[in-house]
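Chemist: Quick one: this structure, given as structure tokens, is what I'll be asking you about.
Just so it is clear, none of the values below were taken in a lab; they were calculated from the coordinates. As the structure is a computational prediction, the values presented were derived from the model and not from experiment. A quick note on method: Cβ atoms are made from the backbone with ideal geometry, for glycine too, and the neighbour counts reach across all protein chains shown.
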Amino acid sequence: MNQILSLAAGTLPEFSPHEVADAAGSAGFSHVGFTIEPDKWNAPALRATQSAIAAHDLSVLDVEVIWIPEGGAVGDDHRVIIEAGAELGAPNILAVSAEPDKDRTAAALRQLCEWAAPANMRVSLEFLMITAVQSLGDALDIVQRCDHEAASILVDTLHFCRAGHEPADLAAVNPELFAYSQICDGSAECAPEFDAYLEDAVDLRSAPGEGKLPAGNIIAALPENIPLSLEVRSRGYRDAYPDAADRSRAIRQQVEKFFSAKNVSLR
């Protein structure tokens with residue numbers, strides 16, 4: 001197998017997009033993803049990011065994150081993220097929802113897809129325990145209601161496990177609904193409380209092979225050669241490697257060992 005591995009912006013949450021691109025290139029990644037903050041995204045930020053992408057001959061896998069708010073209304077800030085993705089050549093937009101009504105979330109997702117589709121971008125809805133969409137089943141239901149070919153589902157190995165899923169749960173899902181996936185490792189369990197889930201997601205992740213999650217089995221159950229975004233939001237890695245490039249290299253080295261044991265080459 002020959003697997004695309006992208007450096008997710010979440011691995012370097014305190015750095016700007018152009019700094020993330022520089023770190024990804026320095027660490028040997030072929031792909032990278034960016035967090036776009038609408039109030040900070042402007043022409044100089046775009047130029048700096050495009051320059052870093054070009055300097056390292058990178059491809060962009062995704063931009064994030066669009067939060068569908070309670071009520072389901074999407075607007076100008078969300079369009080800024082989509083337009084940034086189009087300008088950077090990203091094929092994927094990551095979205096999550098705080099709206100508990102599935103029809104309203106589906107309507108919002110459809111609007112995002114209509115904005116993204118002209119640039120050949122897909123909108124991947126992520127399910128996680130700190131949002132209103134908490135399970136694979138919920139995400140599938142919403143994407144079905146959305147009824148737009150640009151809509152897809154994002155599986156994050158950590159959130160997949162926290163939702164109580166098993167790798168076998170992916171077998172019945174149409175593989176075309178998965179545009180890419182986020183991967184990491186983590187502890188075997190997490191207290192079923194919002195604060196615990198939040199800390200787990202933003203501070204306690206580890207690189208694949210370092211924790212107790214069945215990350216390898218989840219990846220194997222996803223479509224073959226699906227692009228993978230390496231999101232290791234880790235307080236431990238942030239403390240040990242304050243430099244963005246050093247952190248990216250350290251995490252990539254661990255992931256290379258993980259995939260080498262499975263006879264998977266990375267690109």
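Chemist: Collect the residues in region 215-256 that are without any contact (Cβ under 8 Å) to a residue 12 or more places away in the chain and part of a helix (DSSP H, G or I), keeping them in residue-number order.
Modeler: Those that are without any contact (Cβ under 8 Å) to a residue 12 or more places away in the chain and part of a helix (DSSP H, G or I): 239, 240, 246, 253, 256.
Chemist: Sticking with this one: Conditions: (1) in contact (Cβ under 8 Å) with a residue 60 or more places away in the chain; (2) closer than 17 Å to residue 7 by Cβ. Residue 207 meets all but one. Number of the miss?
Modeler: (1)
Chemist: Here is a follow-up. Among all residue pairs at least 6 apart or on different chains, which show Cβ distances below 8 Å where the first residue, located in region 77-91, is under 15 Å from residue 45 (Cα atoms) and touching a residue at least 12 places away in the same chain (Cβ under 8 Å) and the second is of a type in the set (D, E, K, R) and crowded, with 18+ Cβ neighbours inside 10 Å?
Modeler: If the second residue must be of a type in the set (D, E, K, R) and crowded, with 18+ Cβ neighbours inside 10 Å, the pairs left are 81/64; 85/62.
Chemist: Considering only region 33-53, I want to know if a residue exists there that is on the phi > 0 side of the Ramachandran plot and either surrounded by fewer than 22 Cβ atoms within 10 Å (Cβ to Cβ) or part of a strand (DSSP E or B) (or both).
Modeler: No, there is no match, as no residue in region 33-53 is on the phi > 0 side of the Ramachandran plot and either surrounded by fewer than 22 Cβ atoms within 10 Å (Cβ to Cβ) or part of a strand (DSSP E or B) (or both).
Chemist: Can I ask one more? Which of the residues belonging to region 191-208 are surrounded by 18 or more Cβ atoms within 10 Å (Cβ to Cβ) and in a loop (DSSP other than H, G, I, E, B)?
Modeler: Correct list: 205, 207, 208.
Chemist: Against the condition in contact (Cβ under 8 Å) with a residue 24 or more places away in the chain, farther than 23 Å from residue 220 by Cα and within 20 Å of the chain's Cα centre (by Cα), how does residue 170 come out, does it pass?
Modeler: Here the answer is no, as residue 170 does not meet what is asked.
Chemist: Also: Does residue 21 qualify as being buried (at least 20 other Cβ atoms within 10 Å of the Cβ), assigned to a helix (DSSP H, G or I) and touching a Gly at 6+ places or on another chain (Cβ under 9 Å)?
Modeler: For residue 21, the condition - buried (at least 20 other Cβ atoms within 10 Å of the Cβ), assigned to a helix (DSSP H, G or I) and touching a Gly at 6+ places or on another chain (Cβ under 9 Å) - is not met.
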